[in-house]
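The structure appears right after this line, and notes come after that.
Every number in this text was worked out from the coordinates using simple rules, so none of it is lab data. Predicted model only: the values in this text are computed from it and were never measured. Ideal geometry is used to build each Cβ from the backbone, glycine not excepted, and the neighbour counts take in all protein chains shown.
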Amino acid sequence: MWYRCTTIMDFCCYSIYQAMKIAIFGSAFNPPTLGHCDAINYVLEQGYEQVWLVPSFQHAFGKQMLCYEARLNLLNAFQEDLANPAVKVCAVEQHIARDEQPVYTWDVLNHLQQTHPESEFAFVIGPDNQVNWHKFYKADEITQRWQVIAVPERQAIRSTLVRQAINENRPIAQLVTPSVANLIITKKHYRPNASH
């Protein structure tokens, strides 16, 4: 059964009854943007049957982020706006996280491959991670075991741009999907002195 991640307790319990080509798109999604949407489209154009969006729980590089539950809610809103059954939200990182330790890409892929041995997984990286790939934990082992999809930046719409626009009181409608914009505005996410 496929289902939407409605709480931070949900993760990838998807039941798959046939071998599938699945791309794992891990990101802070802080927030999800139209740039992420374009990356998803690129991956699907490469012949992958599904893209699983995996929000970072504890970031391996110590990136400061909106709290996990808030980002998961934004990602669910993003996925609903896309209205594409091939795109799933997979909250696996909070399930496999241990204490305050970061969750590494290796951990995610290894866990998913063990729980879904019938499927062929690949990992999606954007321009920033292409440059920093050598810093990833077990980077060589990952590339030996799974395909790494290097996504070109066809739309330069990054999460940093959205947060900057919010801080400068500029509209974000051209940067994110409608439900994400509505949630950000309603919850006052990324506003100075806002605690979320």
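Using a Gaussian network for the chain with springs between C-alpha atoms less than 10 Å apart, which of these wobbles most: VAL131, VAL180, VAL92?
Checking each option, the largest mean-square fluctuation is seen for VAL131.
Given Cβ point charges of +1 (Lys, Arg) and -1 (Asp, Glu) and nothing else, what value in debye, to the nearest 20, does the dipole of the chain about its Cα centre take?
Charge dipole, the chain, about its Cα centre: 560 debye, nearest 20.
Calculate how steeply helix 105-115 sits against the longest principal axis of the alpha-carbon atoms of the chain, using the helix alpha-carbon long axis, and give the answer as 0 to 90 degrees to the nearest 10.
Helix 105-115 sits roughly 60 degrees off the main axis of the chain.
Quick one: what are the phi-derived ³J(HN,Hα) couplings along segment 144-149, Karplus 6.51/-1.76/1.60 with θ = phi - 60°, whole Hz, x for glycine and proline?
Running phi through 6.51 cos²θ - 1.76 cosθ + 1.60 with θ = phi - 60° gives 6, 9, 10, 6, 10, 9 Hz.
Can you give the extra length, in nm with one decimal, that the chain gains between THR160 and GLU49 once fully stretched, where that is 0.36 nm per residue apart less the Cα-Cα distance?
This chain segment gains 37.0 nm when fully extended.
Where in segment 130-196 are there GluC sites (Glu not before Pro) that are in a DSSP coil and have at most 12 other Cβ atoms within 10 angstrom of their Cβ?
GLU168
Taking 0.36 nm per residue of sequence separation and subtracting the Cα-Cα distance, how much length would be gained by fully extending the chain between ALA150 and GLN64, in nm to one decimal?
Result: 28.5 nm gained on full extension.
Which shape class, rounded, prolate or oblate, goes with segment 21-187 when its Cα gyration tensor gives a ≥ b ≥ c as root eigenvalues, a/c under 1.5 marks rounded, and past that a/b bigger than b/c marks prolate?
Verdict is prolate for segment 21-187.
Under 10 Å, Cα contacts only: if you run a Gaussian network model on the chain, which one of GLN130, GLN94, GLN79 comes out with the highest mean-square fluctuation?
Sorting by GNM fluctuation, first place goes to GLN130.
Would you list THR160, THR115, THR33 from fewest to most Cβ contacts within 10 Å?
So the residues, fewest neighbours to most, are THR160, THR115, THR33.
Exposure proxy check: SER119, SER27 ranked by fewest other beta carbons within 10 Å?
Sorted ascending by nearby Cβ count, the order is SER119, SER27.
Assigning unit charges at the beta carbon (Lys, Arg +1; Asp, Glu -1) and nothing else, what dipole magnitude in debye, to the nearest 20, does segment 133-196 show about its Cα centre?
220
Using a Förster distance of 25 Å, how high is the FRET efficiency between ALA97 and HIS134, based on the Cβ-Cβ distance and rounded to 0.05?
That gives a FRET efficiency of 0.55.
Pick from HIS134, HIS95, HIS111 the residue whose mean-square fluctuation is largest in a GNM of the chain, springs joining Cα atoms under 10 Å.
Checking each option, the largest mean-square fluctuation is seen for HIS134.
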